[in-house]
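Peer 1: Here it is, the structure in full.
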Amino acid sequence: MTVSTDLAIAYHRDGFVTGLDLFSPAEIAQYRACFDQLEAREGREKCQIGLINWHFKEEFIWQMATDPRLLDLIKQVMGEDVLLLATHFFCKYPDQEGKKFVAWHQDITYWGLEPPLAHTAWIAVDDSDIANGCMQAIPGTHKRGIAPHAKSARAGNLLSINQEIPDEHVDKSKVVPLELKAGQLSLHEGQLYHASHPNTSPRRRCGLTVRFIPPEARQVMLNSTGQQWQPLLMRGADRYHHYPETPAPFARA
Ligand SMILES: O=C(O)CCC(=O)C(=O)O
């Protein structure tokens with residue numbers, strides 16, 4: 001693909017871009033109200049990291065993940081042909097003891113995709129800042145190849161199989177916090193090193209991750225939760241047909 005916009009140039013240089021406006025305050029307030037209802041129904045334990053691919057069940061998640069403005073942004077960084085791979089809320093509740101964190105990792109490592117291509121939009125449902133444990137990233141690490149991942153020795157890692165890039169591979173002097181206002185998003189590349197600290201503030205920090213892949217990325221292994229992906233074509237064409245066609249769960253806006 002030709003990297004032509006400033007956004008795409010920054011993304012390919014650093015492996016992420018942040019602070020992009022997506023939803024207006026009124027729009028994100030509506031989506032937050034939907035999430036609050038879901039949380040009241042399902043409970044915090046489930047909502048912390050258990051809402052994986054609920055865009056198939058909950059229309060508001062589908063609308064967030066397929067918003068044309070989001071797809072326009074993602075197309076700028078990944079090209080014309082875009083499959084929606086997955087959605088996953090990362091909701092960190094106030095945690096004065098500072099137990100729940102996300103260890104340094106690269107997304108693509110346990111997703112079973114070949115070639116290892118994926119892109120994530122992290123949409124802030126709540127304001128996300130240093131105090132409540134926003135995402136952090138290390139610029140340029142998406143160009144290093146796949147790092148070794150071990151099991152984290154520290155309890156409380158929210159990642160699916162407790163994976164972690166060992167400290168000796170992580171240069172923490174280069175870390176950039178990805179602070180976002182509710183309704184904004186960051187985009188990150190599937191090989192970028194990223195993590196987040198515990199939420200020791202009194203405020204919830206909820207974000208929706210929306211994962212996208214190009215059609216050439218086929219699934220060669222089950223992912224870390226033992227599932228087959230069910231991608232849906234969002235933009236352009238799928239000339240590879242690696243995946244059975246999945247019907248859209250709801251109409252698109
Ligand atoms: O929300 C977080 O703190 C971490 C999210 C994450 O690891 C991801 O989007 O892959």
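What follows draws every value from the coordinates through simple rules; no lab data is involved. Keep in mind that what you see is a predicted model, and the values were worked out from it rather than measured. Note: ideal-geometry Cβ built from the backbone for every residue, glycine included; neighbour counts use all protein chains shown.
Peer 1: Give me the base-10 log of I(q)/I(0) for segment 105-253 at each q in 0.14, 0.18 Å⁻¹, Debye formula, one uniform scatterer per Cα, rounded to two decimals.
Peer 2: -0.78, -1.22
Peer 1: Another question, then. Shape verdict for segment 177-237, please, from the Cα gyration tensor: rounded (a/c under 1.5), prolate (a/b greater than b/c) or oblate. Mind dumping the intermediate values first?
Peer 2: Details: a/c = 2.39, a/b = 1.77, b/c = 1.35.
The shape class here is prolate.
Peer 1: In deg cm²/dmol, rounded to 500, what helix-only [θ] at 222 nm does the chain give when every DSSP H run of at least 4 residues adds -39500 (n - 2.57) and the total is split over its residues? All intermediate terms of the calculation are to be shown ahead of the outcome.
Peer 2: Working: 5 runs with 51 residues, N = 253.
Result for the chain, helices only: -6000 deg cm²/dmol.
Peer 1: Can I ask one more? Between Arg69 and Phe250, what is the label-point separation in nm under the 7 Å Cα-to-beta-carbon projection?
Peer 2: 1.7
Peer 1: Also, I was wondering about something else. Under a point spin-label approximation (7 Å from Cα along Cα-to-Cβ), what is the His169-Arg218 distance to one decimal in nm?
Peer 2: Placing both labels 7 Å along Cα→Cβ, they lie 2.7 nm apart.
Peer 1: If pairing requires two Cys Cβ atoms under 4.7 Å apart, which cysteines of the chain are left without a partner?
Peer 2: Among the cysteines of the chain, those whose Cβ sits 4.7 Å or more from every other are Cys34, Cys47, Cys134.
Peer 1: By counting other Cβ atoms within 10 Å of each Cβ, how are Phe35, Phe56 ranked from fewest to most? Kindly include the intermediate steps, with their values, before the conclusion.
Peer 2: Details: Phe35 24, Phe56 15.
Ordered by Cβ neighbours within 10 Å, fewest first: Phe56, Phe35.
Peer 1: Over all distinct alpha-carbon pairs, what is the Kirkwood Rh of segment 1-72 in angstrom? Mind dumping the intermediate values first?
Peer 2: Details: mean 1/r = 0.0689 Å⁻¹.
Final number for the Kirkwood radius of segment 1-72 is 14.5 Å.
Peer 1: Which of rounded, prolate, oblate describes the chain, given a ≥ b ≥ c as roots of the alpha-carbon gyration tensor eigenvalues and a/c under 1.5 marking rounded, otherwise prolate only if a/b is larger than b/c?
Peer 2: Values: a/c = 1.34, a/b = 1.10, b/c = 1.22.
Because its axes are fairly even, with a/c under 1.5, the chain counts as rounded.
Peer 1: Would you mind pulling out the separation of the Cα centroids of segment 166-192 and segment 64-81, in Å?
Peer 2: 20
Peer 1: What is the gain in length, in nm to one decimal, between Arg41 and Glu59 on full extension, counting 0.36 nm per residue of separation less the C-alpha to C-alpha distance?
Peer 2: Values: separation 18, 0.36 × 18 = 6.48 nm, distance 1.55 nm.
Stretched fully, the Arg41-Glu59 segment lengthens by 4.9 nm.
Peer 1: Starting from the Cα of Lys57, draw a straight line to each of the lysines and keep only those under 23 Å, dropping any in the same chain fewer than 8 residues away.
Peer 2: Lys46, Lys92
Peer 1: Projected area of segment 14-132, taken from the Cα convex hull and averaged over every viewing direction, in nm²?
Peer 2: Values: hull surface 35.0 nm².
Taking the Cα atoms of segment 14-132, their convex hull projects to 8.7 nm² on average.
Peer 1: Now, a different point. Just to check I understand the Karplus step: with θ = phi - 60° and J = 6.51 cos²θ - 1.76 cosθ + 1.60, what whole-Hz values come out for segment 90-107, glycine and proline as x?
Peer 2: 3J(HN,Hα) across segment 90-107, in whole Hz: 10, 10, 9, 8, x, 8, 4, 7, x, 9, 8, 9, 10, 6, 4, 7, 10, 4.
Peer 1: Less than 20 Å apart at the alpha-carbon level, and either on another chain or at least 8 residues along: which aspartates and glutamates does that give for Lys172?
Peer 2: Here the aspartates and glutamates satisfying the reach criterion relative to Lys172 are Asp14, Asp107, Asp129, Glu164, Glu189.
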